[in-house]
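Laboratory data are not the source of any read-out in this text; all were calculated from the coordinates shown. What you see is a predicted model, and the numbers here were worked out from it, not measured in a lab. Methodologically, a virtual Cβ is constructed for each residue, glycine included, from the backbone with ideal geometry; neighbour enumeration extends over all protein chains shown.
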Amino acid sequence: MRVEKTEETGFCFGVKRSMRIVEEAVAEYGRIETLGPLVHNRRVVDGLKAKGVGVVTSPEEVSGQVVVICSHGVPPSVAHELTARGLKVIDSTCPNVRRAQQAARDFSKAGFGVIVFGDPDHPEVKGILGWAEGKGLAVSDGRDIAGLNGLPKRVGLISQTTRNPGRLAEFVNRFVTDSMPRLEELRVVNTLCNVTQIRQAEAIELARKVDLMIVVGDRSSANTRELARVCSSAGTPTHHVEGAVEIQEEWLGDRLLVGVTTGTSIPDEVTQEVMDRLERVPSK
């Protein structure tokens, strides 16, 4: 059995940037807190905790003097609340997420209603909606479009950064079909993360030539779940694991070629552990 991985694995640019910002902050200030986990990976979060980085789930829980906004971003109201309390606020919002936030803000100020194609419960989407100043809503499935009530005449459409390009195109087409009679103007801004797009494209290319795909990443990670969906869509048996310990020998059987890809919150050492585990499985 051979094992092959995609070229793009491990932390993405946005996660690397957030990690660097947090490590510099804890070196300068000592104990700090992040608003939400820095990344969707328990191993990374536990490692940061050992260095003095705590995690809070809401502004009210902040007990120290320094708080970091994670790469998913927050609504402006949250940042203002933290600043008003006299806290040192360090913003590590991913530049790609910031672009989506600014698009939502610009649409809102121009009098557009904002539609975000994404998971309404995801922190990134909640943050983007905050920048829409009460004029936005999130829709996760194109089938929900027809049931939207009170749709404004002018709509700006953007996406959660980790969505798949094909799914976004399908959503836009369906939105046009179902909503155009009610609209005077529709504008679409492509807010997809280019790194995520590259990773998904590499994953599906690999999935089409291997006998089995292993997708590594936390189950709470939206981009990892999307990678697993993309690989499965190629018709290739796909398993989503958080680490090497979850790999089961019976999955492999007589597979000749196994592919590996990872979400954007997985450190390189976890990817290597998965590769090593697969390569140790005896061939049948």
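Quick notes on this one:
- Residue among Lys135, Lys88, Lys16 with the largest mean-square fluctuation in a Gaussian network model of the chain, springs linking Cα atoms under 10 Å: Lys88
- In summary, the convex hull built on the alpha carbon positions of region 96-188 has an orientation-averaged projected area of 5.2 nm².
- Cα gyration tensor shape of region 13-94, rounded if a/c is under 1.5, else prolate or oblate by comparing a/b with b/c: prolate
- Each residue in Met213, Met1, Met180 was given a count of other beta-carbon atoms within 10 angstrom of its own, and listing them fewest first yields Met180, Met1, Met213.
- Among Ala201, Ala169, Ala104, residue whose mean-square fluctuation peaks in a GNM of the chain (springs only between Cα atoms under 10 Å): Ala169
- Long-range HN-HN contacts of Thr34 with modeled amide H, under 5 Å: Gly54, Val55, Val56, Val68
- Cα-based shape type of region 1-139, given that a ≥ b ≥ c are square roots of the gyration tensor eigenvalues and the cut on a/c is 1.5: oblate
- Of the residues Val39, Val210, Val189, the one with the fewest other Cβ atoms within 10 Å heads the list, and the complete ranking is Val189, Val210, Val39.
- Chain lengthening between Ser220 and Leu183 when straightened (0.36 nm per residue, less Cα-Cα): 9.7 nm
- Cβ-Cβ distance of Arg85 and Arg208, R₀ of 51 Å, FRET efficiency by 1/(1 + (r/R0)^6): the value works out to about 0.45.
- Tensor-based shape of region 175-259 (alpha-carbon gyration tensor, a/c under 1.5 rounded, otherwise prolate or oblate): prolate
- Placed amide H near Ser140: partners under 5 Å, 5+ positions off or other chain: Gly118
- Among His40, His122, His240, sorting on how many other beta-carbon atoms sit within 10 Å of each Cβ, with the fewest leading, yields His122, His240, His40.
- The chain, helix-only ellipticity at 222 nm - DSSP H runs n ≥ 4, -39,500 (n - 2.57), divided by all residues, nearest 500: -12500 deg cm²/dmol
- Simple spin-label estimate for Lys51 and Asn194 gives 2.8 nm between the two label positions (7 Å along the Cα-to-Cβ direction from each Cα).
- Rounded to the nearest whole Hz, the Karplus-based 3J(HN,Hα) values (6.51 cos²θ - 1.76 cosθ + 1.60, θ = phi - 60°) of region 90-102 follow the sequence 10, 9, 10, 3, 4, x, 5, 5, 4, 4, 5, 4, 5, with x at glycine and proline.
- Efficiency of FRET between Glu170 and Lys109 - r from beta-carbon atoms, R0 30 angstrom, step 0.05: 0.55
- For region 181-186, the Karplus equation 6.51 cos²θ - 1.76 cosθ + 1.60, evaluated at θ = phi - 60°, returns couplings of x, 9, 9, 9, 8, 10 Hz by residue, with Gly and Pro reported as x.
- The phi-based Karplus calculation (6.51 cos²θ - 1.76 cosθ + 1.60; θ = phi - 60°) puts the 3J(HN,Hα) values of region 200-205 at 5, 5, 5, 5, 6, 5 Hz, whole numbers, x for Gly and Pro.
- Length-normalised contact order for region 1-159 - Cα pairs under 8 Å, 6+ apart - percent: 20
- Legend: calculated FRET efficiency, Ser58 to Glu249, from the Cβ-Cβ distance at R0 = 35 Å, rounded to 0.05, equals 0.20.
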